[in-house]
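**Q** The structure is given below, and queries will be raised subsequently.
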Amino acid sequence: MKDETKYELFNQARQWILEAGEEIRKSLDKPYQVDTKKDRKDLVTDVDKQTEQFLTRQIKSIYPHHKVMGEEGFGDEVTSLDGVVWIVDPIDGTMNFVNQQRNFAISVGIYENGAGQIGVIYDVMADVLYYGLKHEGAYKNGERIKRLDHNRKLEDALIGMNSFWSVPNRRLDETKIHQLIRKVRGTRSYGSAALEFAYVAEGIIDAYITMRLAPWDVAAGVIIVEEAGGVTTQANGHPIDMLQTNSIITCNPSIHREIIDGYIKLKPI
Ligand code: IPD
Ligand code: CA
Ligand code: CA
Ligand code: CA
């Protein structure tokens, strides 16, 4: 992608995301509808839907040829990453939005022919904007994020992971994960994949590991983490596929192999 195009798209995306964030903050003063999707813990609100509709409308009004892949289904049926594709999670961390009214983010990744060009993650209530532009680095509120220290040791690391690891797991050897939990300095669980990616990029956690994320959970994050000097793969070390759900490990490269080889063991199906 040409530099001018990249800057133009980024400036547009940032403006729309900040506007959407403003609307979300206002929506907290009014009642909104909370529904469930595949089970009682899978929440969606009017605000998720309105935010995705707003972003899709804006994108299509200026870039009718771009495709939009959005969690709530207001974009296109995207089956290939040819051309420019905006991958949108209108609210990442809907459960936090509903129960806490904080700790959620808008996440937008812009891909060209499958290559991540621009990633934007907006922590709406904290008013913190993370972004990464291919070959141009990662930024937090306009300030360049320092590249990750590649000498991080696993025993000094903080790892983002959720509570599913503490109960028997269908796919993973949980005793290995328990060894990892004992080995590292500590674990954290924030309830927004996008924010966990941003925190890996910022270096305030050293890895985030999870077994099943959709493209919109990770599209912006992988770009920002990469631009900060981090790495993202499936839990087996293979590249992720932006058209599928993936297991994910995003982390400081100095501990990537050690975690995969030493602590992630898939159970035979
Ligand atoms: C969810 C959040 C959560 C993660 C889930 C995601 P949503 O996204 O990122 O942290 O554990 O797997 O689905 O549904 O709130 O956009
Ligand atoms: Ca959801
Ligand atoms: Ca999400
Ligand atoms: Ca969402």
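The values are calculated or read from the model by the stated rules, or taken from the named source; none is laboratory data. Note that this is a predicted model, so its numbers are computed, not measured. No Cβ is skipped: glycine too gets one built from the backbone with ideal geometry, and neighbour counts run over all protein chains shown.
**Q** Collect the residues in segment 122-156 that are of a type in the set (S, T, N, Q) and free of Cβ contacts under 8 Å to residues at least 40 places away in the same chain, keeping them in residue-number order.
**A** 141
**Q** Determine which member of the set 180, 129 is touching a helix residue (DSSP H, G or I) at 6+ places or on another chain (Cβ under 8 Å), more than 16 Å from ligand 4 (Cβ to nearest atom) and over 21 Å from residue 20 (Cα atoms).
**A** Selected residue: 180, the only one of 180, 129 that is touching a helix residue (DSSP H, G or I) at 6+ places or on another chain (Cβ under 8 Å), more than 16 Å from ligand 4 (Cβ to nearest atom) and over 21 Å from residue 20 (Cα atoms).
**Q** Right, something else. Do we find that residue 218 is away from ligand 2 (no atom under 16 Å from the Cβ), at pLDDT 95 or above and assigned to a helix (DSSP H, G or I) in this structure?
**A** No, not satisfied.
**Q** Inspect all residues belonging to segment 246-260 and state whether any of them is surrounded by 22 or more Cβ atoms within 10 Å (Cβ to Cβ), touching a His at 6+ places or on another chain (Cβ under 8 Å), of a type in the set (A, V, I, L, M) and not assigned by TED's automatic domain parsing to the domain that holds residue 13.
**A** Yes: segment 246-260 contains one or more residues that are surrounded by 22 or more Cβ atoms within 10 Å (Cβ to Cβ), touching a His at 6+ places or on another chain (Cβ under 8 Å), of a type in the set (A, V, I, L, M) and not assigned by TED's automatic domain parsing to the domain that holds residue 13.
**Q** Still on this structure, please answer the following. State the number of residues belonging to segment 168-191 that are outside any strand (DSSP E or B) and free of Cβ contacts under 8 Å to residues at least 40 places away in the same chain. Working first, answer last.
**A** Of segment 168-191, the ones outside any strand (DSSP E or B) are 168-171, 173-185, 189-191.
Those still in the list that are free of Cβ contacts under 8 Å to residues at least 40 places away in the same chain too: 168, 174-175, 178, 181-182, 184-185, 189.
So the answer is 9.
**Q** A follow-up question, please. Inspect segment 109-118 for any residue being touching a residue at least 40 places away in the same chain (Cβ under 8 Å), within 28 Å of residue 31 (Cα to Cα) and within 14 Å of ligand 4 (Cβ to nearest atom) and give the result as yes or no.
**A** No, segment 109-118 contains no residue that is touching a residue at least 40 places away in the same chain (Cβ under 8 Å), within 28 Å of residue 31 (Cα to Cα) and within 14 Å of ligand 4 (Cβ to nearest atom).
**Q** Looking only at segment 151-163, count every residue that is farther than 26 Å from residue 131 by Cα and surrounded by fewer than 16 Cβ atoms within 10 Å (Cβ to Cβ) and tell me the total.
**A** 4
**Q** Quick one: is residue 232 of a type in the set (S, T, N, Q), surrounded by fewer than 14 Cβ atoms within 10 Å (Cβ to Cβ) and outside any loop (DSSP other than H, G, I, E, B)?
**A** The answer is no for residue 232.
**Q** Test residue 148 against the criterion of being surrounded by 21 or more Cβ atoms within 10 Å (Cβ to Cβ), more than 20 Å from residue 222 (Cα to Cα) and in contact with a helix residue (DSSP H, G or I) (Cβ under 8 Å, 6 or more places away or on another chain), and give yes or no.
**A** Values: surrounded by 21 or more Cβ atoms within 10 Å (Cβ to Cβ): yes; more than 20 Å from residue 222 (Cα to Cα): no; in contact with a helix residue (DSSP H, G or I) (Cβ under 8 Å, 6 or more places away or on another chain): yes.
For residue 148, the condition - surrounded by 21 or more Cβ atoms within 10 Å (Cβ to Cβ), more than 20 Å from residue 222 (Cα to Cα) and in contact with a helix residue (DSSP H, G or I) (Cβ under 8 Å, 6 or more places away or on another chain) - is not met.
**Q** Only residues that are within 14 Å of ligand 4 (Cβ to nearest atom) and more than 16 Å from residue 218 (Cβ to Cβ): list them for segment 69-93, please.
**A** Across segment 69-93, the qualifying residues are 72, 73, 74, 75.
**Q** As an exercise: evaluate residue 63 against (1) within 16 Å of ligand 3 (Cβ to nearest atom); (2) farther than 19 Å from residue 199 by Cα and give the number of the one condition it does not meet.
**A** (1)
**Q** A further question follows. I'm told residue 179 meets every condition in (1) assigned by TED's automatic domain parsing to the domain that holds residue 23; (2) away from ligand 1 (no atom under 15 Å from the Cβ); (3) farther than 17 Å from residue 248 by Cβ; (4) not aromatic (Phe, Trp, Tyr) except one. Can you identify the failing condition by its number?
**A** (1)
**Q** For segment 38-60, name all the residues that are under 20 Å from the mean Cα position of the chain (by Cα), exposed (fewer than 14 other Cβ atoms within 10 Å of the Cβ) and among the acidic types (Asp, Glu).
**A** 42
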